[in-house]
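**Student:** I have a structure here, written as structure tokens, and I will follow up with some questions on it.
The values are calculated or read from the model by the stated rules, or taken from the named source; none is laboratory data. In this text, all values refer to a predicted model and were calculated from it rather than measured experimentally. Cβ coordinates were reconstructed from backbone atoms using ideal geometry, including for glycine residues, and neighbour counts include every protein chain displayed. Just so you know, the surface numbers come from the protein's heavy atoms only, side chains and all, with ligands and any DNA or RNA stripped out. Shrake-Rupley method; radii C 1.70, N 1.55, O 1.52, S 1.80 Å.
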Amino acid sequence: MLDQFQTCTPLLAETLRKAQLLPISEERKSVLSPLIQYVQEKIDQVQEINLNFICTHNSRRSQFSQVWTKTAAELHGLAINSYSGGVEVTAFNSRAVESLKRSGFRVSSKENGSNPTYFLFYSDEADPIVAFSKLFDDPANKASQFAAVMTCDHADENCPFIPGTEQRIAVRYEHPKAFDDTELESEKYDERSLQIASEMLYVFSQIRKKG
């Protein structure tokens, strides 16, 4: 696994190694277990794997989750379609984008009014991860069969039904927005991003590849 990090930008490889060493509590492992099971069952059945990370505004936690999931899966040699969405359209929060830049992603953007589209590269050899704020059923989230992975309390509690989902999985992360415009802003955004990176690396490390 560490050798695979060498395909990443040097700073991102350092971030991933740090994330890999971050302890994960037994409580969180229990929370992540249904996600591991869903991915494993899809692999065992040789079916496409579509994960749609959902948070109210699709601006911070769901975006972190989409980006780190796609990165972690590819570094583990797994073909995963990683999407994100919300119940309202806002923008991929600029603080979250800056945090991912600090982690080592190379980021470019295309202006689209108040909701820019971002292209995040973990490697010069890989296609970019495309990210912008959208509804969970936006056409960009192409899958008709997917797991809805709920990353925040509000979306989980206010979306009783999500069309097309095969399974609903709650992984809920604390909101870094609480530290906006404080001295701890960058630290807390990076902390939440690193937690999600750590947990997605753990999830895919548990998967047994078919054959």
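**Student:** Give the stretch 48-87 a look and list any residue that's surrounded by 24 or more Cβ atoms within 10 Å (Cβ to Cβ) and free of Cβ contacts under 8 Å to residues at least 40 places away in the same chain, or say none.
**Tutor:** none
**Student:** Here's something else I'd like to know. On the given criteria, is residue 133 surrounded by 17 or more Cβ atoms within 10 Å (Cβ to Cβ), modelled with pLDDT of 95 or more and either among the hydroxyl-bearing types (Ser, Thr, Tyr) or in a strand (DSSP E or B) (or both)?
**Tutor:** Yes; evaluated as a whole, the condition is true for this residue.
**Student:** Mind telling me which of the residues 178, 126, 148 ends up being over 26 Å from residue 14 (Cβ atoms), open to solvent by less than 50 Å² (accessible area, probe 1.4 Å) and either assigned to a helix (DSSP H, G or I) or small (Gly, Ala, Ser) (or both)?
**Tutor:** The match here is 148.
**Student:** Still on this structure: What residue, among those in the stretch 167-196 that are under 14 Å from the mean Cα position of the chain (by Cα) and of a type in the set (Gly, Ala, Ser), is farthest from residue 29 (Cα to Cα)?
**Tutor:** So the residue we want is 193.
**Student:** Out of the stretch 181-202, which residues are open to solvent by 30 Å² or more (accessible area, probe 1.4 Å), farther than 16 Å from residue 36 by Cβ and either in contact (Cβ under 8 Å) with a residue 24 or more places away in the chain or part of a loop (DSSP other than H, G, I, E, B) (or both)?
**Tutor:** Hits for the stretch 181-202 are 181, 182, 183, 184, 185, 186, 190, 195.
**Student:** Within the stretch 1-31, how many residues turn out to be touching a Gly at 6+ places or on another chain (Cβ under 8 Å), farther than 18 Å from residue 73 by Cβ and among the hydrophobic types (A, V, I, L, M, F, W, C)?
**Tutor:** Going through the stretch 1-31 one residue at a time, the tally reaches 1.
**Student:** Still on this structure, I have one more. Restricting to the stretch 5-36, and then to whatever is of a type in the set (S, T, N, Q) and loosely packed, with under 14 Cβ neighbours inside 10 Å, can you tell me which residue is nearest to residue 126 (Cα to Cα)?
**Tutor:** The residue in question is 6.
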